[in-house]
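Visitor: Sharing a structure below in structure tokens format, with a few things to ask.
The values are calculated or read from the model by the stated rules, or taken from the named source; none is laboratory data. These numbers were taken from a predicted model, which means no experiment stands behind them. Here the Cβ positions follow ideal geometry from the backbone for every residue, glycine too, while neighbour counts run over all protein chains shown.
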Amino acid sequence: MSARDAPPAEASGNGPVGGHGDETPHPTSGLDDVVHQKARLGILAVLAETEKADFTYLKKLLQLTDGNLGRHIEVLAGSGLVHVEKGYAGKRPRTWVTITGAGRRALDEEMAAIRELLRRFESGGPG
């Protein structure tokens, strides 16, 4: 029987649902709203792999529009998670994005929270 098929803890004799046994916060409390959003998580993950990426590369890889990608980069930059550098490649204007130390730490923390959530889901509960 999977965790989803199991009866509530109260019915199974494992203590009351919502009881006060284990006060450890649920793994979802470790998710960061700035990082967890799908496009921003994708941006940080790509930058963690590549160190630096240009706007066009991110746009194509993550299948985002110019405006959507630009807004997500603004949010990440405003939180200090990425650094944006504008310049030229020949005569063409280019925008490069790099992950900061804070961005790498935030991504690591997000991944740890996701791993714990997955571990808990697969084991059928806390502990």
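Visitor: Within region 35-63, track down each residue that is modelled with pLDDT under 95, surrounded by fewer than 18 Cβ atoms within 10 Å (Cβ to Cβ) and in a helix (DSSP H, G or I).
Guide: His36, Lys38
Visitor: If the Cβ limit is 7 Å and pairs must be 6+ apart or interchain, which residue in region 46-67 that is more than 18 Å from Lys86 (Cα to Cα) pairs with which residue that is buried (at least 16 other Cβ atoms within 10 Å of the Cβ) and β-branched (Val, Ile, Thr)?
Guide: Once the first residue is more than 18 Å from Lys86 (Cα to Cα) and sits in region 46-67, its partners that are buried (at least 16 other Cβ atoms within 10 Å of the Cβ) and β-branched (Val, Ile, Thr) give Ala48/Ile99; Leu61/Val46; Leu62/Ile43.
Visitor: Can you tell me which residues in region 65-102 are in a helix (DSSP H, G or I), surrounded by 11 or more Cβ atoms within 10 Å (Cβ to Cβ) and of a type outside the set (Lys, Arg)?
Guide: Residues satisfying the conditions are Asn68, Leu69, Gly70, His72, Ile73, Glu74, Val75, Leu76, Ala77, Ala102.
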